[in-house]
1. Among the residues of region 62-77, count how many are at positive phi and of a type outside the set (Gly, Ala, Ser).
2. Does any residue of region 19-37 turn out to be part of a loop (DSSP other than H, G, I, E, B) and buried (at least 20 other Cβ atoms within 10 Å of the Cβ)?
3. Here's a check for you: in region 60-85, which residue that is of a type in the set (Asp, Glu) and surrounded by 13 or more Cβ atoms within 10 Å (Cβ to Cβ) is farthest from residue 173 (Cα to Cα)?
4. Any idea how many residues of region 47-101 are part of a loop (DSSP other than H, G, I, E, B), within 22 Å of residue 153 (Cβ to Cβ), in contact with a Gly (Cβ under 9 Å, 6 or more places away or on another chain) and aliphatic (A, V, I, L, M)?
5. How many residues, within region 121-152, are modelled with pLDDT of 95 or more, over 22 Å from residue 221 (Cβ atoms) and not in a helix (DSSP H, G or I)?
6. Could you pull out the residue among 5, 22 that is farther than 15 Å from residue 108 by Cα, in contact with a Gly (Cβ under 7 Å, 6 or more places away or on another chain) and at pLDDT below 95?
7. Are there any pairs, at least 6 apart or on different chains, whose C-beta atoms fall under 7 Å, with the first in region 98-127 and more than 15 Å from residue 35 (Cβ to Cβ) and the second of a type in the set (Phe, Trp, Tyr) and in a helix (DSSP H, G or I), and if so, which?
Amino acid sequence: MAANARTVLITGANRGIGLALARHYHQAGWRVFGVCRTASYELAEVAERVIDGIDVTREADAARLAEALEGQSLDLLINNAGMLHDESLGALDFDAIRAQMEINAYAPLRIVEALLPWLGEGAKIANITSRMGSIADNDSGGRYGYRASKAALNAFGKSLAVDLAPRGIAVAQLHPGYVKTRMVNFGGLITPEAAATGIAARIEALTLETSGGFWHSNGEPLPW
């Protein structure tokens, strides 16, 4: 590994899209820090460092993550950890809705806040969101917690882009596509590897001038 290799930290890195992103950046010569609740052998193969036992919804764990990175600068933070439940009107599970808000919306904001000291000028933040967080694109209803949590994440990401621009930090909200992961019982249309390739391309193209946008991993701008 080159001494001047760029460093990426990925949450939810032990499987699915997070693991595919870890593999992608490892193969590209980046130093990969994989964050997860439970470590996996696959992640350990590609991550320079695995920081496990981290529940991104807990303030104490976010603080512990920041402490673990003491003295380490980050070029890229990918907020990937997420949760999906399916609620329908007439049988709403407000505990499930609340849990999705915690992990999909509040946790990425909490992680950014905790890791700000390690994000310098030129760093980038990618929030893995969903087009289901688009209000304009919602023509099928349902999924109350997931839609609302991703819409909130999009709003947080836009504000972060504005607030972090003076620091030289760019932010993107990225929809990976309908990916074959455990979250959707592997019923997606594209592989995690294809999603990771698209996400990485969007991140590479991200600049301060385009910061704050909402894109599909294939490059298509998405409506709010």
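The values are calculated or read from the model by the stated rules, or taken from the named source; none is laboratory data. Here the structure is a predicted model, which means the values were calculated and not measured. Here the Cβ positions follow ideal geometry from the backbone for every residue, glycine too, while neighbour counts run over all protein chains shown.
1. Taking region 62-77 first, the residues at positive phi are 71.
Those still in the list that are of a type outside the set (Gly, Ala, Ser) too: none.
Matching residues across region 62-77 total 0.
2. If we filter region 19-37 for residues that are part of a loop (DSSP other than H, G, I, E, B), which is where we start, we get 28-30, 36-37.
Restricting the remaining residues to those that are buried (at least 20 other Cβ atoms within 10 Å of the Cβ) gives 30, 36.
Scanning region 19-37, I find at least one residue that is part of a loop (DSSP other than H, G, I, E, B) and buried (at least 20 other Cβ atoms within 10 Å of the Cβ), so the answer is yes.
3. Quick first cut of region 60-85, residues of a type in the set (Asp, Glu) only: 61, 67, 70, 75.
Of the ones still in play, those that are also surrounded by 13 or more Cβ atoms within 10 Å (Cβ to Cβ) are 61, 75.
Numbers: 61: 24, 75: 17 Å.
Checking each candidate, the answer is 61.
4. 5
5. Here the count works out to 3.
6. Working: 22 fails: at pLDDT below 95.
The unique qualifying residue is 5.
7. Short answer, once both residue conditions are applied: 100/146; 105/156; 109/156.
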